[in-house]
Amino acid sequence: MPTWVLIAILIGVFCHGLMTSEIAEKKGYSALAGFLIGLVLPVIGLIYEAGRTVSEAKQKEHDMRLAQMIADEMGKREKSAIEE
């Protein structure tokens, strides 16, 4: 097998590792663990990370941000109702 084919395969596996780590990080999990899963099981690891649920800490952060946005909007509406 030519050397350039091996290099192309290694670059592809490395890219799968990077994509898997990015998905893991966005969902609140360890990027290093995601990268290692992507290296060992390139396509399966990518599918696995994409199918994982968002971590509880990341979900709580999202819920708190959403609750704050709702509270801010309700405050604005109350303020505008009082001014009218």
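The values are calculated or read from the model by the stated rules, or taken from the named source; none is laboratory data. Everything numeric in this text was worked out from a predicted model, so none of it was measured. Heads up, the Cβs are rebuilt from the backbone with ideal geometry, glycines too, and the neighbour counts pull from every protein chain shown. Surface areas here come from the heavy atoms of the whole protein model, side chains and all, with no ligands, DNA or RNA. Shrake-Rupley method; radii C 1.70, N 1.55, O 1.52, S 1.80 Å.
Per-residue 3J(HN,Hα) values for region 51-59, derived from phi via the Karplus relation 6.51 cos²θ - 1.76 cosθ + 1.60 with θ = phi - 60°, read x, 5, 6, 5, 5, 4, 5, 5, 5 Hz in sequence order (x marks Gly and Pro). For the residues K58, K79, a 1.4 Å probe over the protein chains yields an accessible-area ranking, largest first, of K79, K58. In terms of overall dimensions, the C-alpha atoms belonging to the chain reach 78, 23, 17 Å along their principal axes, ordered largest to smallest. Here is how the number arises for the chain: DSSP H runs of 4 or more residues each give -39500 (n - 2.57), the sum is divided by the residue count, and the result at 222 nm is -29000 deg cm²/dmol.
Rolling a 1.4 Å sphere over the protein heavy atoms, what is the accessible area per residue of region 21-84, to the nearest Å²? Result: 79 Å² per residue. Based on C-alpha pairs under 8 angstrom that are at least 6 apart in sequence, the chain has a relative contact order of 23 percent.
Here R65 sits with roughly 120 square angstrom of accessible surface, probe radius 1.4 Å. Say a paramagnetic label sat at a point 7 Å from the Cα of V13, along Cα to Cβ; which residues of region 36-58 have their backbone N under 14 Å from it? Residues passing the 14 Å test: 36-45. Seen against the Cα atoms of the chain and their longest principal axis, helix 3-26 is set at about 20 degrees. Given their separation in residues at 0.36 nm each and the Cα-Cα distance between them, E22 and Y48 gain 8.1 nm when the chain is fully extended. Straight-line cross-link reach from K27 at under 19 Å between alpha-carbon atoms covers these aspartates and glutamates, not counting any fewer than eight positions away in the same chain: E49, E56, E61, D63. Cross-link partners for K58 among the aspartates and glutamates, with Cα-Cα distance under 13 Å and sequence neighbours closer than 8 places in the same chain left out: E25.
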